[in-house]
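Chemist: So that we are looking at the same thing, I have put the structure below in structure tokens.
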Amino acid sequence: MKRLISAVLAAAMLLFMLPAALAASDIKNHWAKTYLTELHELEIINPSSSGQYTPDQPIARWEFMRYINRAFDFTEKASISFTDVPSGSAYYDIVATAVYYGYINGVGNNKMDPQGTLTREQAATILGRLHKYTPDADPDDMTFSDKSAVSSYARAYVAEAVALKYINGYPNGTFKPQGTITRGEIAKILYYFLGTSLHKEGGSYTGADLDSVTDNVSITRPCTLSNATIDGNLYITEGVGAGSVTLQNVTVEGRIIVSGGSVVLNGVSALDLTVSSPCDQTLSVTCSGNTSIAHTEVQSDAMLYESGLGISAGGLSDLDVNGENLSLTLDAALWDVNVKQACTILTTGSTTIDSLTADGKVTLTGGGSVQKAALNVSGCDLVMEPSTVELASGVTATIAGESVQSSNSISISPAALTFDAGNADSIAHSYDFTFNADKDDLVRITVDGDTLTLGEDYNLLTDKNGIRIYKTYLTTLEAGTYTAKLTFSDRSTAALTIITSNSGQMAVSPSQITFDKYEESAGYANVPLTVSTPAGVTLSSIKLGSTVLERGTDYTYNTSTGQVVLMAETLAKKSKGSYTISFVPSKGSTTTCSLTITDSKPVNKIAPEEVDFDANTSSGGYRDITVTLTPANGAELRRIRCNNKELEEDWQYKVSGNQVTLNKSAISEFAEKGASYADFTFVMSNGQNPTLRVNYVTTYALTASVVDDLGLPIEGASVTFTPADSATGTATQTATTDEDGKATVYVKRGSYTLTAAHERFTESISQTTSVSSSRTVKMTGEILENVQVVVTNKYGAMLSGAVVSIGGKAATTGADGVASFSLRRDNYVIQVSCSGYTTTTKPITVTGSIRTQVQLE
């Protein structure tokens, strides 16, 4: 009896010493034993008071929440008011915690249904969403006979859980997505989703501590992990709170999900990093050492830093900002930044962004630089000015404090230039102006009709979109106000006002005046002018043409104010036309202003009264001529005559309302026998017969065909056609080459010098030719572009020793992963080879200096 009692006591003691999971009889031979045992050791799932797990029994919603809260160390609580979760109930705090971390919602009508059951698809979806990323698995790859029954919201998450073998179907080929989930099934799903749990506060872990059966790792408390390779995902949970997590020499084959803490990545490699917290916490991630993260997605407030990166480290490569109204602090060098939703980004002075694409309204403040910005929504505000800005149709934005919009209106800054031509020392060597358009699209600049010469009067800025106007041109302008018109290839324009004064000479304002002889018109009035004279100088006399005007009768002059008033009665005695008024000072040079005298008295008029007509049938000047006929007092057009010959209506001319069109072939007839002009008289039923003078001009097409040294056409080159004899030849013209590299003007007979300039030319090219018929002149210039090829591995880390071949040239990357080339504009194929990697090719088009990335696998 004593021996029997001792044996019973020993057995009982041994039983109490074993884990409850091993003591529970209902999982002894159950398929879920391994999962329940592991989760029991982590104090996530415990047996009931009777020592049973009931692994095949459906679990209640509140039990599922309890398991998740324990697994990921969720402890904070939200304020809840569900009508079916009474305060003081066993599951009140559990539900409050689940709501705080945002992974489960109520069922509607302010209810949570805590004691209701959970479906299989709901469990897979909730755990999948906790990892904050969109699953990669394709739902169409599922083979279940009832896969169409999976709810749309759950399809991708179920497919992911099945693909990763976190959850299985049934032997009959079904999945039963709306079926209730059992305790054993949820244990398996949690076991794989959780993976190795690093849950000791301040723990120091290595790769040797990781479970070899599962792929994932979950960090739920502040700790350090070093020298490890993680085959699945690394989830740094919200349970870390404000604590610190350091990863040292860690490779993650799946994703890194940061949902809590201040995280330092030192020597870490991963393809994807997701930064997201539902807890109104600003997360921090710092990359240092040889860290290379290929792609990062930020879903909530965060701070991303690069600090002390190795020369070959890729740091943070590409970034997606995908959280509504989030705030992001950025101190990093990035390739592509894609903004999906409205947000604010604060950049440091060392931040560089190669390409920014905004599909959501972004406010970008701070320092650093952006090379290219593509803004697809209105309201974006960039404090810095990118090298290139592309605005989608109808988009408005603020760039460097200036409002810009995608329209035919281009703004230029500053919008005006004022200088004193009388004080040469006060005029700078040059003045810079920027505009919100691509400088390569600038076709020409004209100042009051005169075309400026690129490279002589102005030049394009090299580091931003804009122009530089030189002092050598500005000092040719007389005192007055001028408008510089910038015309771009899409016909959009910008206007710059140039105001020049001359303190060293007499000036008159305005410089142009108009007087109307018709007494009933508003223009029939005395004309006031202001004459400014240097100190000690007064106005001596005024001449109208060659006639000296009489002071007091023809004009008045106030010596103290400099005001001159020209009398209307004197001006009315002059015929219609243009005159020069000369202001003669007591000493010094005479200054002038122009006077135009009109007569608005109703008469039969045509407009214009004089036109040019080119007999060259290929030129733009060989065309029908349309004028506007304005009859007075009901007069009607009876006929049109030229050289005593009457034109035939509806053949040689047509009348449509007030528009009269002369046929080009009829006009050409009167150009025979070398006539230099012809007068077409419009015979009216009454009143004055107006006359249209047609000047005959014969021109020939002169085409510059601009190519590079490979024979490829150069678009956007500025070609100046300058006559050898300005008296007999066509005036200097400037044209821009089209996509075929051709620029055509029409010129008279003679000798012309063609000069082609382009910002990419090593130097301007010139050629002289004689024109006696239409001809094409081929002009060859050499263009070399700077091309940088950055070679990285799949994580974005720079690769040294890679051999890069392009355009018959080869270079080896240095420690920074860069190989540089000088190449002509053309299409190329980059070939990159590196020991241990697959040789890769990438096509590129070189149209300018570029920096491109090639990623090796």
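Chemist: What is the Rg over Rh value, at two decimals, for segment 56-111, using alpha-carbon atoms and the Kirkwood definition of Rh?
Modeler: 0.95
Chemist: Still on this structure, please answer the following. Among DSSP bridges having both ends in segment 287-415, what percentage is antiparallel? Round to the nearest 5.
Modeler: Counting only bridges with both partners in segment 287-415, antiparallel ones make up about 10 percent.
Chemist: Still on this model: As a quick test, which of the pairs 340/372; 439/742; 485/664 have an alpha carbon distance above 23 angstrom in this structure?
Modeler: 485/664
Chemist: I've got another one for you. For residue 388, project a label point 7 Å along Cα to C-beta. Then give me every residue of segment 816-857 with its amide nitrogen under 16 Å of that point.
Modeler: Taking a point 7 Å out along Cα→Cβ of residue 388, the residues of segment 816-857 whose backbone N falls under 16 Å are 825-828, 844-853.
Chemist: Averaging over every viewing direction, what projected area does the convex hull of the Cα atoms of segment 785-855 cover, in nm²?
Modeler: 4.1 nm²
Chemist: Next question. Given the -39500 (n - 2.57) contribution per DSSP H run of 4+ residues, what per-residue ellipticity at 222 nm results for the chain, rounded to the nearest 500 deg cm²/dmol?
Modeler: Rounded to the nearest 500, the figure is -3000 deg cm²/dmol.
Chemist: For segment 700-781, what ratio Rg/Rh do Cα atoms give with a Kirkwood hydrodynamic radius?
Modeler: Here the Rg-to-Rh quotient is 0.96.
Chemist: Around residue 155, with a cut-off of 10 angstrom between Cβ atoms, what is the net charge of the other residues, counting Lys and Arg +1 and Asp and Glu -1?
Modeler: Charge balance in the 10 Å sphere: -3.
Chemist: Right, next: So what's the angle, to the nearest 10 degrees on a 0 to 90 scale, between helix 2-17 and the longest Cα principal axis of the chain?
Modeler: 0 degrees
Chemist: Here's something else I'd like to know. Evaluate E = 1/(1 + (r/R0)^6) for residue 242 and residue 427, where r is the Cβ-Cβ distance and R0 equals 60 Å; express this FRET efficiency to the nearest 0.05.
Modeler: Between residue 242 and residue 427 the formula returns 0.50.
Chemist: How would you rank 737-744, 313-320, 199-206, highest first, on the average number of other Cβ atoms within 10 Å across their residues?
Modeler: 313-320, 737-744, 199-206
Chemist: Let me ask something else. Distances longer than 22 Å among the Cα atoms of segment 201-321: what percent of all pairs is that?
Modeler: For segment 201-321, the share of Cα pairs beyond 22 Å comes to 25 percent.
Chemist: I would also like to ask the following. Among 633, 55, 42, which residue has its Cα positioned farthest towards the positive end of the charge dipole of the chain, with +1 placed on the Cβ of Lys and Arg, -1 on the Cβ of Asp and Glu, and the dipole taken about the Cα centre?
Modeler: Farthest towards the positive pole: 633.
Chemist: Can you give the FRET efficiency for residue 724 and residue 599, using 1/(1 + (r/R0)^6), R0 = 41 Å, r = Cβ-Cβ distance, to the nearest 0.05?
Modeler: 0.45
Chemist: Ok, one more. Let me spell out the model: positive unit charges on the Cβ of Lys and Arg, negative unit charges on the Cβ of Asp and Glu, origin at the Cα centre of segment 700-781. What dipole size does that give, in debye rounded to 20?
Modeler: Dipole of segment 700-781, to the nearest 20 debye: 440 debye.
Chemist: Same structure again: If you wrap segment 124-203's Cα atoms in a convex hull and average its projection over all directions, what's the area in nm²?
Modeler: Quarter of the Cα hull surface area: 6.2 nm².
Chemist: Still on this structure, I have one more. Need one number for segment 523-598: average projected area of the convex hull over its C-alpha atoms, nm².
Modeler: Approximately 4.9 nm², given one-decimal rounding.
Chemist: Simple spin-label model, 7 Å along Cα-to-Cβ: residue 77 to residue 794 in nm?
Modeler: That separation, rounded to one decimal, is 4.6 nm.
Chemist: Same structure again: Residue farthest toward the positive end of the dipole of the chain, with Cβ of Lys/Arg at +1 and Asp/Glu at -1: which of 460, 240, 521?
Modeler: Of the candidates, 521 comes out farthest on the positive side.
Chemist: Please sort 608-617, 346-355, 156-165 by packing, taking for each peptide the average over its residues of neighbouring beta carbons within 10 angstrom, highest first.
Modeler: Descending mean neighbour count gives 156-165, 346-355, 608-617.
Chemist: Which FRET efficiency, nearest 0.05, do residue 526 and residue 560 yield, Cβ-Cβ r, R0 25 Å?
Modeler: 0.85
Chemist: Would you mind working out the magnitude of the charge dipole of segment 523-598 relative to its Cα centre, with +1 at each Lys and Arg C-beta and -1 at each Asp and Glu C-beta, to the nearest 20 Debye?
Modeler: 140 debye
Chemist: Sort 567-574, 266-273 by packing, meaning the average of other beta carbons within 10 Å per residue, with the highest value first.
Modeler: My ranking of the peptides, most packed first, is 266-273, 567-574.
Chemist: Could I ask something else about it? Assigning unit charges at the beta carbon (Lys, Arg +1; Asp, Glu -1) and nothing else, what dipole magnitude in debye, to the nearest 20, does the chain show about its Cα centre?
Modeler: Result for the chain is approximately 340 debye, rounded to the nearest 20.
Chemist: State the antiparallel share, in %, of DSSP beta bridges confined to segment 785-855, rounding to the nearest 5.
Modeler: Counting DSSP beta bridges with both partners in segment 785-855, the antiparallel share is about 80 percent.
Chemist: Percent of Cα-Cα pairs more than 36 Å apart in the chain, please.
Modeler: 67 percent
A short reminder: the numbers here are calculations on the coordinates, not readings from a lab. Just so it is clear, the structure is predicted and the values come from calculations on it, not from any experiment. Because the Cβ atoms are built from the backbone with ideal geometry, glycine has one as well, and the counts that use them run over all protein chains shown.
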